[in-house]
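*Asks:* Questions regarding the structure given below will be posed in turn.
The values are calculated or read from the model by the stated rules, or taken from the named source; none is laboratory data. What you see is a predicted model, and the numbers here were worked out from it, not measured in a lab. Methodologically, a virtual Cβ is constructed for each residue, glycine included, from the backbone with ideal geometry; neighbour enumeration extends over all protein chains shown.
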Amino acid sequence: MRLIINSVIPNMRLIISTVIGVMLGFFIGMSFPTLQFPSGIISYIEDNNSGITTLALLNRAGTSTTKNNSLLNSNGTGKIYIPSNPKGAERLAPGILRPESDLYLRRLWGNPSEDLQIQHKYLVTFTVGHDQKKNIDTAVKKFSENFTIVLFHYDGRTSEWDEFEWSKRAIHVSAKRQTKWWFAKRFLHPDIVARYEYIFIWDEDLGVEHFNAEEYIKLVRKYGLEISQPGLDPSSGLAWQMTRRMSDREVHKETEERPGWCTDPHLPPCAAFVEIMAPVFSRNAWRCVWHMIQNDLVHGWGLDLALRKCVEPAHEKIGVVDSQWIVHQVVPSLGNQGKAENGKAPWVGVRNRCRQEWGIFQARLADAEKAYYIKMGITPPNDTHA
């Protein structure tokens, strides 16, 4: 009998200890719901500047999550879901959303609110190669400190530009053998450049001796131009009469082209037209134009004839600024980035693709508008420059 009793007592002690341990663990868990992380993965590395420990940050996040979870019932009622938020952000509280950005450079240290000594009001981009370095240096100096400077490099050479002081403050984006419209479609989304009132998207071969950017913007505002360009010196690189500088005025919005070229004085190329060489867009106009740029058509030919789709009335809001004028130097630098084939110079293949893209773009635009009118049951307008 003594042997039986001695064997039962230890078993009873074990059972009682186990029960007590389970109950104690349960009550501790209920009392401290935020202790969710094993001590082995908590790092107590402390930020000496802020005094906030990693543990404190994790506990803050854990507390927030636990409180939110406590508000949910079995079918998930209480979760954030806001259909009016931007696509993909429906589960975020509206107060945290920042749908727009900018190209302002920021520090890696200090208070974020003190990063910017000046918030640039305008943006200018040049698509450049190393051979035009001196010309771009001259051009950039025509733009005040109110401008963010962006260089799109089509030859992959970026470090050589650091000899210029302004280059150290500029944004450099490099992709070999790409055009400015390829860069613009990928890096100038309207939500990225929303802080800028005007966006200059310029070629590299422009002479700017008679140009001042701040004076140009004053005239753009004065005449209500949403899409514009400087007048071109008629002695070099002139393709259209509309872009020819008129020396007797500040701005012009219409002109006379060759006979038979303009079926309507308010339509391109006699009005509502600027070239893709040195265009300037208001923030609102660029939001529309960016969406019209085709992802696979990189040269932009034909785009200038369609810019009028983005402003209304186009013949009043598109114009050429004559008193701030430039010279087109006609340097085929990007054209020479093409590939020589069948004994032909590299620029020949580039020019052929330009013409091909023009036809493709015009066909796409016409087809898209026709499909829209058919869907809406509307007779298409009589517009031969659709």
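*Asks:* Under 6 Å between Cβ atoms, which residue pairs at least 6 apart in sequence (or on different chains) link something in region 155-168 that is touching a residue at least 24 places away in the same chain (Cβ under 8 Å) with a partner that is hydroxyl-bearing (Ser, Thr, Tyr) and buried (at least 16 other Cβ atoms within 10 Å of the Cβ)?
*Replies:* 161/167
*Asks:* Does residue 364 satisfy being modelled with pLDDT under 95, more than 30 Å from residue 143 (Cβ to Cβ) and within 28 Å of the chain's Cα centre (by Cα)?
*Replies:* no
*Asks:* For region 150-166, name all the residues that are among the polar types (S, T, N, Q) and surrounded by 11 or more Cβ atoms within 10 Å (Cβ to Cβ).
*Replies:* 158
*Asks:* Also: Within region 230-277, can you find the residues that are small (Gly, Ala, Ser) and at negative phi?
*Replies:* Of everything in region 230-277, those that are small (Gly, Ala, Ser) and at negative phi turn out to be 231, 235, 236, 239, 247, 271.
*Asks:* How about region 123-177: which of its residues are under 16 Å from residue 331 (Cα atoms), of a type in the set (S, T, N, Q) and touching a helix residue (DSSP H, G or I) at 6+ places or on another chain (Cβ under 6 Å)?
*Replies:* Once the filter is applied, which keeps residues that are under 16 Å from residue 331 (Cα atoms), of a type in the set (S, T, N, Q) and touching a helix residue (DSSP H, G or I) at 6+ places or on another chain (Cβ under 6 Å), region 123-177 yields only 127.
*Asks:* Another question, if that's okay. List the number of the failed condition for residue 257; all other conditions in (1) touching a residue at least 24 places away in the same chain (Cβ under 8 Å); (2) surrounded by 15 or more Cβ atoms within 10 Å (Cβ to Cβ); (3) of a type in the set (D, E, K, R) hold.
*Replies:* The number of the failed condition is (1).
Residue by residue, here is whether (1) within 17 Å of residue 289 (Cβ to Cβ); (2) buried (at least 23 other Cβ atoms within 10 Å of the Cβ); (3) not β-branched (Val, Ile, Thr) holds:
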position	(1), (2), (3)
176	no, no, yes
194	yes, no, yes
199	yes, yes, no
208	no, no, no
220	yes, no, no
229	yes, yes, yes
232	no, yes, yes
236	no, no, yes
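*Asks:* So how many residues does region 107-125 have that are part of a loop (DSSP other than H, G, I, E, B), over 30 Å from residue 135 (Cα atoms) and among the polar types (S, T, N, Q)?
*Replies:* 1
*Asks:* Starting from region 206-223, take each residue that is over 23 Å from residue 136 (Cα atoms) and list its partners that are assigned to a helix (DSSP H, G or I), counting only C-beta distances under 7 angstrom and pairs at least six apart or across chains.
*Replies:* Listed pairs, sorted by first residue: none to list.
Here is a yes/no grid of residues against (1) of a type in the set (Phe, Trp, Tyr); (2) in contact with a strand residue (DSSP E or B) (Cβ under 7 Å, 6 or more places away or on another chain); (3) loosely packed, with under 11 Cβ neighbours inside 10 Å; (4) modelled with pLDDT of 95 or more:
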site	(1), (2), (3), (4)
100	no, no, no, no
108	no, no, yes, no
113	no, no, yes, no
118	no, no, yes, no
123	no, yes, no, yes
131	no, no, no, no
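*Asks:* Just to be sure, is residue 149 within 20 Å of the chain's Cα centre (by Cα) and part of a strand (DSSP E or B)?
*Replies:* yes
*Asks:* Right, here's the next one. Tally time: how many residues in region 110-135 are of a type outside the set (Gly, Ala, Ser) and over 13 Å from residue 201 (Cα atoms)?
*Replies:* 16
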